[in-house]
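**Student:** Let me give you the structure first, and then I'll get to my questions.
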Amino acid sequence: MNHLAHTFLAPDSAEARVGSILGDFSRGVDWSALPAPVLEGVRHHLAVDTFTDQHPQVLASKQLFSKQRRRFAGVALDILYDHFLLRHWHRYSDFEQTAFIHTVYRELSAHEPVMPPAMIKVTRRMVEHDWFSAYLELDNIGFALDRVAERIRFPNQFTGIIDEIRENEGELEANFLKFFPELQTFARQYPDT
């Protein structure tokens, strides 16, 4: 899952939502120095990723990508799932979408002291350029994925993966709609699962 979905699924506190993004930046972080609610968010993030990576609908979606791009299918799906979450927000939340996004942005700005420098850099750009709202447009998903491809340090064929997403959009979306309610249930029950 990507940043929006992680904050959406996180335990309901500002600290846990910050921790849910910190899960992607936790390498080298002293976990024992994190406040308990932030650490809860980090652990929640890791559990959500594990559940997602093993889910049959996610595995089926990865198989829709060509062999040369399948290696990056997980990254593509993570960002695409933020798009599908935004597209189907009303199915999963009574909280108004824009209000939620701006709440998360405020929480990220207020909790920079617990973030490593790389996370501060990314979250500032995220807020400044309103990444979450931008993910509502599929073209912006393609732009984001191409930027990821540019940062890969070895030759790859990841650029242009949006074309394969468009070709398989209906099936990818159907798989998401089957998968996401199960992920929500898991996320609500964690750590009791």
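**Student:** So the check is Cβ under 9 Å with 6+ separation or different chains; which pairs have a first residue in region 7-36 that's on the phi > 0 side of the Ramachandran plot and a second one that's at pLDDT 90 or above and open to solvent by 20 Å² or more (accessible area, probe 1.4 Å)?
**Tutor:** Sorted first by the residue in region 7-36, then by its partner, the pairs are GLY28/PRO116.
**Student:** Check region 1-9 and report whether any residue there is of a type in the set (A, V, I, L, M, F, W, C), outside any helix (DSSP H, G or I), surrounded by 17 or more Cβ atoms within 10 Å (Cβ to Cβ) and modelled with pLDDT under 95.
**Tutor:** Taking every residue of region 1-9 in turn, at least one turns out to be of a type in the set (A, V, I, L, M, F, W, C), outside any helix (DSSP H, G or I), surrounded by 17 or more Cβ atoms within 10 Å (Cβ to Cβ) and modelled with pLDDT under 95.
**Student:** Look at region 27-54 and say how many of its residues are of a type in the set (Val, Ile, Thr) and more than 24 Å from TYR81 (Cα to Cα).
**Tutor:** Filtering region 27-54 down to residues of a type in the set (Val, Ile, Thr) leaves 29, 38, 42, 48, 50, 52.
Still in the list and also more than 24 Å from TYR81 (Cα to Cα): 29.
Within region 27-54, residues that are of a type in the set (Val, Ile, Thr) and more than 24 Å from TYR81 (Cα to Cα) number 1.
**Student:** Of all residues in region 23-73, which are loosely packed, with under 12 Cβ neighbours inside 10 Å, over 29 Å from GLU169 (Cβ atoms) and either of a type in the set (Ser, Thr, Tyr) or within 14 Å of the chain's Cα centre (by Cα) (or both)?
**Tutor:** SER32
**Student:** Is there a residue in region 48-63 that is free of Cβ contacts under 8 Å to residues at least 12 places away in the same chain and touching a Leu at 6+ places or on another chain (Cβ under 8 Å)?
**Tutor:** no
**Student:** Okay, next question. Under 7 Å by Cβ, and 6 or more places apart or on different chains, what pairs join a residue from region 166-193 that is touching a residue at least 40 places away in the same chain (Cβ under 8 Å) with one that is of a type in the set (Gly, Ala, Ser)?
**Tutor:** Close Cβ pairs satisfying both conditions: LEU172/SER61; ASN175/ALA60; ASN175/SER61; TYR190/ALA47.
A quick yes/no check of all residues on (1) open to solvent by 60 Å² or more (accessible area, probe 1.4 Å); (2) modelled with pLDDT under 95; (3) out of contact with any His (no Cβ under 8 Å at 6 or more places or on another chain):
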| position | (1), (2), (3) |
| --- | --- |
| VAL148 | no, yes, yes |
| PHE154 | yes, yes, yes |
| GLY160 | no, yes, yes |
| ASN168 | no, no, yes |
| GLU173 | no, no, yes |
| GLU182 | yes, no, no |
| ALA187 | no, no, no |
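**Student:** With the structure loaded, tell me whether ALA144 is under 19 Å from GLY23 (Cβ atoms), crowded, with 18+ Cβ neighbours inside 10 Å and modelled with pLDDT under 95 or whether it fails that test.
**Tutor:** yes
**Student:** Which residues, taken from region 91-119, are open to solvent by less than 30 Å² (accessible area, probe 1.4 Å), in contact with a Lys or Arg (Cβ under 9 Å, 6 or more places away or on another chain) and in a helix (DSSP H, G or I)?
**Tutor:** Selection gives VAL104, GLU107, LEU108.
**Student:** A further question follows. Working only within region 120-137, note down all residues that are assigned to a helix (DSSP H, G or I) and open to solvent by less than 40 Å² (accessible area, probe 1.4 Å).
**Tutor:** In the first step, residues of region 120-137 are kept if they are assigned to a helix (DSSP H, G or I); the result is 120-128, 131-134.
Correct list: ILE120, VAL122, THR123, MET126, PHE132, ALA134.
The values are calculated or read from the model by the stated rules, or taken from the named source; none is laboratory data. Keep in mind the model is a prediction, meaning the values are calculated, not measured. Here Cβ is always computed from backbone atoms with ideal geometry, including for glycine, and neighbour counts include all displayed protein chains. Note: accessible area is taken over every heavy atom of the protein model, side chains too, but ligands, DNA and RNA are not part of it. Shrake-Rupley method; radii C 1.70, N 1.55, O 1.52, S 1.80 Å.
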